[in-house]
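Below is one structure; the comments refer to it alone.
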Amino acid sequence: MEASLIIVVLVLAGLVGISLGLLGGGGSILTVPILTYVLGMEPRAAIAASLFIVGTTSAVSMIGHARSGRVRWKTGLIFGAAGMAGAFAGGLIGGFISEIVLMVLFAIMMIVTAGAMLRGRKSGRPEDPAVEHKPPVLRILLDGFLVGIATGLVGAGGGFLVVPALNLLGGLPMAAAVGTSLLVITMKSFAGLGGYLFSVHMEWAITLAFTAMAIAGSFVGVALAGRIPEKALRTGFGVFVLVMGVFVLAQEVPALVSSLSGS
């Protein structure tokens, strides 16, 4: 691998960490395209590596958020447990689906989620991270399981779905949703990885190097978290996810069309 490419990849890995530390998500949205389009990894291998990278980085990032009181442990553990079951199932299913279809599904979920974040909640409740909201347990379990299937299927740690689920559906303030999402992402990422390990060979040298740089970047993201206004954080998250979703869709749709017309 050329030295210039290595530097680019390491810088991008740092951005992945910053995204996770600051937004509680976005890691897989960056990691999967980087591993696929920059390093040339096969999509399934990139998805599996992304689950390890994002899960490990999220676990480290969560520590800083927990110290600042931005992790809702009960909600996160219930959501995460349901998500682990869904993610493991999604990871198993993903091993048997066309790689092009997986990437298109990945992009579509990003675009839909971005729309939800940009619209925001209709509730006029003030966003106070110190206020403990208690959504129904059954609602948390159902949301967690469905998000787990989706994120395990496309290899996303799930922040771009978990944060909106906790914020828009679970009623958590954005700052608490970001911190809590890292607990959920850690749990679901390793469950999804377990599903993929039945059908994918891991490239550990690249994966571990990427993970180390992402962890370094996560410290920067955690330091910035909590200092950005709620509305700006949600809008920035939504725009970021939308742009990445459109990019991946633009890359994969021509290949999908060509594949369908060829068959």
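In segment 72-112, which residues are in a helix (DSSP H, G or I), among the aromatic types (Phe, Trp, Tyr) and closer than 15 Å to residue 47 by Cβ?
Correct list: 88, 106.
I need the full set of residues from segment 186-222 which are among the polar types (S, T, N, Q) and in contact with a Ser or Thr (Cβ under 6 Å, 6 or more places away or on another chain), in order please. Reasoning before the result, please.
Kept after step one, since they are among the polar types (S, T, N, Q), are these residues of segment 186-222: 186, 189, 199, 207, 211, 218.
186, 211, 218 - these are the residues of segment 186-222 that are among the polar types (S, T, N, Q) and in contact with a Ser or Thr (Cβ under 6 Å, 6 or more places away or on another chain).
Considering segment 237-263 alone, what residues qualify as being without any contact (Cβ under 8 Å) to a residue 40 or more places away in the chain and part of a helix (DSSP H, G or I)? Spell out how you get there, then give the answer.
The first filter runs over segment 237-263 and keeps only residues without any contact (Cβ under 8 Å) to a residue 40 or more places away in the chain, leaving 243, 250, 254, 257-258, 260-263.
Correct list: 243, 250, 254, 257, 258, 260, 261, 262.
Which of the following residues is among the aliphatic types (A, V, I, L, M), closer than 22 Å to residue 197 by Cβ, touching a residue at least 60 places away in the same chain (Cβ under 8 Å) and assigned to a helix (DSSP H, G or I): 32, 9?
On the way: 9 fails: closer than 22 Å to residue 197 by Cβ.
Of the residues listed, the single one that is among the aliphatic types (A, V, I, L, M), closer than 22 Å to residue 197 by Cβ, touching a residue at least 60 places away in the same chain (Cβ under 8 Å) and assigned to a helix (DSSP H, G or I) is 32.
Assess whether residue 181 counts as being touching a helix residue (DSSP H, G or I) at 6+ places or on another chain (Cβ under 7 Å), buried (at least 20 other Cβ atoms within 10 Å of the Cβ), among the hydroxyl-bearing types (Ser, Thr, Tyr) and modelled with pLDDT of 85 or more.
Values: touching a helix residue (DSSP H, G or I) at 6+ places or on another chain (Cβ under 7 Å): yes; buried (at least 20 other Cβ atoms within 10 Å of the Cβ): yes; among the hydroxyl-bearing types (Ser, Thr, Tyr): yes; modelled with pLDDT of 85 or more: yes.
Yes, satisfied.
Anything in segment 83-118 that is small (Gly, Ala, Ser) and modelled with pLDDT under 75? List them, or say none.
Going through segment 83-118, the residues small (Gly, Ala, Ser) turn out to be 83, 85-87, 89-91, 94-95, 98, 107, 114-116.
Passing the criteria: only 116.
Only one of these is among the charged types (D, E, K, R), more than 21 Å from residue 61 (Cβ to Cβ), part of a helix (DSSP H, G or I) and modelled with pLDDT under 85: 121, 139. Name it.
Details: 121 fails: part of a helix (DSSP H, G or I).
Residue meeting the stated conditions: 139.
So, in segment 18-54, exactly how many residues are modelled with pLDDT of 90 or more and closer than 28 Å to residue 172 by Cα?
Summing the residues that are modelled with pLDDT of 90 or more and closer than 28 Å to residue 172 by Cα in segment 18-54 gives 2.
Just to be sure I understand, how many residues within segment 92-116 are more than 19 Å from residue 202 (Cα to Cα) and either of a type in the set (Val, Ile, Thr) or touching a Lys or Arg at 6+ places or on another chain (Cβ under 8 Å) (or both)?
Residues meeting the conditions: 7.
Go through segment 1-40 and give me each residue that's of a type in the set (Val, Ile, Thr), within 14 Å of residue 220 (Cα to Cα) and buried (at least 19 other Cβ atoms within 10 Å of the Cβ). Working first, answer last.
First, the residues of segment 1-40 that are of a type in the set (Val, Ile, Thr): 6-9, 11, 16, 18, 29, 31-32, 34, 36, 38.
Checking the rest, the ones that are also within 14 Å of residue 220 (Cα to Cα) come to 11, 16, 18.
Listed by number, the residues that qualify are 16, 18.
The values are calculated or read from the model by the stated rules, or taken from the named source; none is laboratory data. These figures come from a predicted structure and were not determined experimentally. Please note: Cβ atoms are built from the backbone with ideal geometry, for glycine as well, and neighbour counts cover all protein chains shown.
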